[in-house]
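The values are calculated or read from the model by the stated rules, or taken from the named source; none is laboratory data. The shown structure was predicted, so the numbers you read here are calculated from the model rather than taken from an experiment. Methodologically, a virtual Cβ is constructed for each residue, glycine included, from the backbone with ideal geometry; neighbour enumeration extends over all protein chains shown. What goes into the accessible areas is simple: the full protein's heavy atoms, side chains included, and nothing from ligands, DNA or RNA. Shrake-Rupley method; radii C 1.70, N 1.55, O 1.52, S 1.80 Å.
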Amino acid sequence: MKVIYNDGTTGVCEDSAEKLHILRHSAAHIMAQAVKRLYPCAKFAYGPANEKGFYYDIDLGDIKLTDADLVAIEKEMKAIVKENLPIKPFILPRNEAVKLMQERGETYKVEHIADLDETEPISFYQQGDYIDMCRGPHITYTKALKAFKITGQSGAYWKNDSNNKMLTRINGTAFETQEELDNHMKMLEEAAKRDHRRIGKEMNLFMFAEEAPGFPFFLPNGMAIKNTLIDYWREIHKRDNYVEISTPLIMNRHLWETSGHWDHYKDNMYSTTIDDETYCIKPMNCPGGVMVYRSKPHSYRELPMRVGELGVVHRHELKGALHGLFRVRCFTQDDAHIFMRREQITDEIAGVVHLINEVYNKFGFKYYVELSTRPENSMGSDEDWEAATNGLIGALNKLNMPYTINEGDGAFYGPKIDFHLEDSLGRTWQCGTIQLDFQMPLNFGLEYVDEKGEKQRPIMIHRVCFGSIERFIGILTEHFAGKFPVWLAPVQAKVLLVSEKSAEYAKKVYNTLRDAKVRVELDNRNEKIGYMIREAQTVDRVPYMVIIGQKEAEEGIVSIRNRDTAQTTEMSLEEFLSKITAEIKDRV
RNA sequence: GCUGAUGUGGCGCAGUUGGUAGCGCAAUUGAUUCGUAAUCAAUAGGUCGAGGGUUCGAGUCCCUCCAUCAGCUCCA
């Protein structure tokens with residue numbers, strides 16, 4: 001693909017990712033040109049390419065765009081492409097650049113120039129009468145943009161700051177060929193079919209009600225998944241020498257002042273008044289865990305103490321942020337707090353990283369790791385923050401774990417390692433996190449007695465694997481498109497009755513499976529077998545359909561239809577029982 | 001919280017310029033006893049998100065709230 005740079009030279013771009021990025025960036029310009037033609041008052045802010053496509057943030061004054069307007073903009077873009085305008089760069093010294101943008105009423109660009117390096121000259125790209133301040137490079141003619149689509153509009157703050165004015169963001173995407181664009185649109189449709197909110201409704205996993213926005217109700221099927229995950233969690237934690245506790249949901253304000261949450265997290269905490277005193281509903285489990293530690297003296301011999309808690313927390317999230325199980329106001333953290341000595345930091349963090357890695361591999365998730373450093377509004381000394389941050393970096397380096405740094409995104413009490421899982425739409429969600437904390441032990445005066453009989457202050461790790469069990473179930477639902485592996489499936493086997501003549505045998509098969517603790521259901525309705533299979537396959541997504549008719553009853557066997565292969569296999573009931581129970585036990 | 005959109009029986013949807021709510025699936029009942037992705041028929045089910053207003057008359061028009069969706073911001 002031929003591209004032009006801001007010094008006017010041209011070149012050929014071979015790298016496919018880079019090509020796509022340039023193409024999309026040029027698409028953003030062409031869209032802006034189309035918007036300017038239709039809405040001369042438009043002022044442009046930022047208009048970059050991203051991994052999904054491109055967007056442009058535009059100030060349209062009081063104009064509100066409708067879907068029809070977006071269609072018109074897309075049509076105008078096609079016209080610009082057809083005109084095949086040459087795209088030409090030019091460079092201006094700073095003062096002339098400001099002047100040009102002022103003349104054209106581009107106040108956001110003027111503000112942008114003020115943010116740029118003062119010594120650098122400023123480059124512009126022009127196509128027809130449209131001029132955009134831009135670093136480039138771009139395609140050389142508008143006709144090189146062959147496949148694009150406007151995908152929607154939304155609001156976006158100028159410079160992504162909620163204190164600033166909200167602009168109109170028009171989103172689009174572009175590809176090198178129409179075929180790639182079509183495939184992309186098809187992929188989005190497929191992803192929408194996997195939406196956990198839709199599947200959760202179909203499979204009766206969970207529900208929401210207007211009376212409790214953001215607070216999920218778990219239905220029997222969803223509860224089966226939740227409990228199965230918890231069983232798994234308890235098993236691996238017990239193996240790794242964790243103990244488990246449970247602490248109160250509601251504790252008084254004084255505690256939250258001590259922990260620092262009152263100062264740093266007040267706006268997100270629900271509270272209530274009991275006997276004229278303010279009590280808070282816990283948004284985090286750590287103070288509870290700390291109180292358990294503090295309840296008696298500890299020897300260095302007890303450390304590290306790994307204390308787990310499946311804690312239900314409530315946080316008042318902004319209503320616009322709520323999103324199915326991905327973002328709720330009440331969720332269960334698979335939390336644990338590790339109390340340890342300074343020299344145990346690296347080993348303990350490494351142990352947690354191993355555990356989280358094991359859990360994610362179990363489900364076949366892709367993930368990446370981020371290190372978040374000290375935020376602006378935080379507590380503690382610089383030395384402690386530096387020591388804590390170096391502790392995390394040391395452990396990551398020791399494990400050769402690649403990571404990126406997220407500056408200033410740590411918790412208010414310490415830096416953290418975040419694990420981000422990718423969902424079916426390519427969005428990433430923070431799940432696991434490991435936070436190193438020197439503050440909470442200080443605030444609560446935690447101690448242990450060392451080998452010399454002297455009192456020392458322990459260091460604390462806060463960590464979760466699933467993060468939020470609710471969010472994790474949402475991600476699992478989309479990951480598997482509702483076709484959960486046998487061990488997780490809410491209904492693991494469904495007995496389907498061909499005709500009432502074999503009802504007695506079907507009941508026996510059902511009871512045998514049920515007695516072996518298989519999550520089994522019996523469909524003995526007067527329906528044709530095809531009808532029952534269709535429902536078990538497409539709605540319930542049951543891994544094994546156990547078909548029982550006269551043949552099976554007479555021969556004392558079962559016919560097993562596999563959800564994933566659609567193949568039917570005949571076998572003895574004992575054989576099926578040992579197969580399915582082994583799969584459940586081995587968690588496959 | 002911000003920008004834009006949406007809100008009709010359990011679910012998915014239709015309802016033309018305001019005239020008193022319909023369809024498919026599911027449910028219930030009856031018939032059928034039928035072997036691998038939908039058997040036929042009948043029945044029942046809705047104060048059209050909530051509250052105000054305009055009108056002789058509002059699911060349709062106006063206002064205010066609530067919830068949801070796409071994003072922004074924020075976060076597990």
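Condition first: more than 6 Å from RNA strand B (Cβ to nearest atom) and over 22 Å from A:ARG463 (Cβ atoms). Now tell me which residues in the range A:311-325 satisfy that. Walk me through how you get there before you give the answer.
First, the residues of the range A:311-325 that are more than 6 Å from RNA strand B (Cβ to nearest atom): A:311-314, A:316, A:325.
Once the filter is applied, which keeps residues that are more than 6 Å from RNA strand B (Cβ to nearest atom) and over 22 Å from A:ARG463 (Cβ atoms), the range A:311-325 yields only A:HIS316.
Report whether or not A:PHE466 is in a helix (DSSP H, G or I) and not acidic (Asp, Glu).
Spelling it out, it is not the case that A:PHE466 is in a helix (DSSP H, G or I) and not acidic (Asp, Glu).
For the range A:482-493, indicate whether the set of residues that are open to solvent by 40 Å² or more (accessible area, probe 1.4 Å) and either closer than 30 Å to A:VAL328 by Cβ or among the hydrophobic types (A, V, I, L, M, F, W, C) (or both) is non-empty.
yes
Under 30 Å from A:LEU488 (Cβ atoms), more than 9 Å from RNA strand B (Cβ to nearest atom) and aliphatic (A, V, I, L, M): which single residue out of A:ALA224, A:ALA192 fits that description? Step through it out loud before you land on a result.
Values: A:ALA192 fails: more than 9 Å from RNA strand B (Cβ to nearest atom).
None of the other options fit; the residue is A:ALA224.
Please specify each residue of the range A:269-297 satisfying the condition of being open to solvent by 60 Å² or more (accessible area, probe 1.4 Å) and within 31 Å of the chain's Cα centre (by Cα). Before the answer, list the steps.
Taking the range A:269-297 as the starting set, the residues that turn out to be open to solvent by 60 Å² or more (accessible area, probe 1.4 Å) are A:271, A:273-277, A:291-292, A:294-297.
Result: A:SER271, single match.
Just checking, how many residues over the range A:511-526 are surrounded by 14 or more Cβ atoms within 10 Å (Cβ to Cβ) and free of Cβ contacts under 8 Å to residues at least 24 places away in the same chain?
So the answer is 1.
Where in the range A:294-396 are there strands (runs of 3 or more DSSP E), lying fully within it, with 2 or more residues that are β-branched (Val, Ile, Thr)?
Fully inside the range A:294-396 and qualifying: A:305-314, A:330-340.
Give the residue that is nearest to RNA strand B (Cβ to nearest atom), with candidates limited to residues of the range A:28-64 that are of a type in the set (Asp, Glu) and surrounded by fewer than 18 Cβ atoms within 10 Å (Cβ to Cβ).
My answer is A:ASP62.
Do you know which of the residues in the range A:532-562 that are more than 8 Å from RNA strand B (Cβ to nearest atom) and in a loop (DSSP other than H, G, I, E, B) is surrounded by the most Cβ atoms within 10 Å (Cβ to Cβ)?
A:VAL542
When the residues of the range A:179-198 are filtered to those that are more than 24 Å from A:GLU317 (Cα to Cα) and open to solvent by less than 20 Å² (accessible area, probe 1.4 Å), which remaining residue is modelled with the lowest pLDDT? Steps first, answer last, please.
Taking the range A:179-198 and keeping what is more than 24 Å from A:GLU317 (Cα to Cα), we get A:179-194.
Filter again for open to solvent by less than 20 Å² (accessible area, probe 1.4 Å), leaving A:181, A:191.
Working: A:LEU181: 90, A:ALA191: 82.
The residue in question is A:ALA191.
Given the criterion within 16 Å of RNA strand B (Cβ to nearest atom) and modelled with pLDDT of 90 or more, identify the matching residue among A:TYR125, A:TYR108, A:TYR130. Full working, then the answer.
Numbers: A:TYR125 fails: within 16 Å of RNA strand B (Cβ to nearest atom); A:TYR130 fails: within 16 Å of RNA strand B (Cβ to nearest atom).
Only one candidate qualifies: A:TYR108.
State whether the residues of the range A:489-502 include one that is assigned to a helix (DSSP H, G or I) and more than 9 Å from RNA strand B (Cβ to nearest atom).
No: zero hits.
Assuming A:LYS266 fulfils every condition listed in (1) part of a helix (DSSP H, G or I); (2) open to solvent by 50 Å² or more (accessible area, probe 1.4 Å); (3) more than 16 Å from RNA strand B (Cβ to nearest atom) apart from one, which condition is it?
(3)
Could you identify the single residue in A:MET401, A:MET440 that is outside any loop (DSSP other than H, G, I, E, B) and over 30 Å from A:LYS193 (Cβ atoms)?
The unique qualifying residue is A:MET440.
I'd like to verify a number: residues in the range A:378-419 that are within 16 Å of RNA strand B (Cβ to nearest atom), in contact (Cβ under 8 Å) with a residue 60 or more places away in the chain and open to solvent by 30 Å² or more (accessible area, probe 1.4 Å), how many?
1
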